[in-house]
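The values are calculated or read from the model by the stated rules, or taken from the named source; none is laboratory data. Just so we're clear, the structure is a prediction, and the values are computed from it rather than from any experiment. Heads up, the Cβs are rebuilt from the backbone with ideal geometry, glycines too, and the neighbour counts pull from every protein chain shown.
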Amino acid sequence: MGDYDDEKPDWRELDRRKDKSRFYGRTEKGEQKERPKDRWQEGRVKQALDKLFMGKKGTIEHEKLYNKIHNSYGSERFVPTVRKYMEKYGLPDDASALLLILDTKEQDIVCGGIDKLKEIYKDLSKRQQEDVRRKLSILAMADRSVDVRNRAGEVLEAIKE
């Protein structure tokens with residue numbers, strides 16, 4: 001048995017030789033191995049392309065000012081921040097920021113926000129639609145400005161259909 005153990009192939013050594021071989025795992029000329037896709041990199045590329053097509057609203061400055069609207073809500077800096085945002089980028093495209101903007105109590109801003117909510121209403125989730133209806137009903141009943149009350153009531157009736 002001692003002789004057999006000496007002749008027994010050392011599998012570790014065979015594996016090492018196979019790994020060092022230039023022929024093992026080689027592909028034909030012109031063929032390249034397909035690399036596994038890097039999902040993280042694909043996501044970054046997609047995000048960069050989305051920002052590119054967004055124009056001004058895809059910039060870092062926009063993101064900072066947009067976040068400033070949310071962070072300054074309820075403070076005295078809120079209305080100037082909203083005005084600055086609207087001068088640069090117009091009204092936001094999402095419901096959460098528009099609902100905040102309806103609390104500015106400035107007639108021109110609120111009416112613009114109501115109209116924008118009417119435009120995007122169909123694309124919102126059910127929960128967001130419910131929030132919009134609730135906010136518009138509050139404005140239609142309790143706002144100080146008659147124009148805002150009328151506009152909110154009209155839009156509320158239009159979106160209920």
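Among residues of region 76-91 that are outside the structural domain of GLY112 (by TED's automatic domain parsing) and in a helix (DSSP H, G or I), those with a Cβ under 6 angstrom from a residue that is at pLDDT below 90 and among the polar types (S, T, N, Q), sequence gap 6+ or separate chain, pair up as VAL79/THR104; VAL82/THR104.
Within region 34-74, if we keep just the residues that are in a loop (DSSP other than H, G, I, E, B) and surrounded by 10 or more Cβ atoms within 10 Å (Cβ to Cβ), the residue that is modelled with the highest pLDDT turns out to be TYR73. Contact map, region 137-155: first residue touching a residue at least 40 places away in the same chain (Cβ under 8 Å), second residue charged (D, E, K, R), Cβ cut-off under 7 Å, separation 6 or more or different chains; pairs are VAL155/LYS118.
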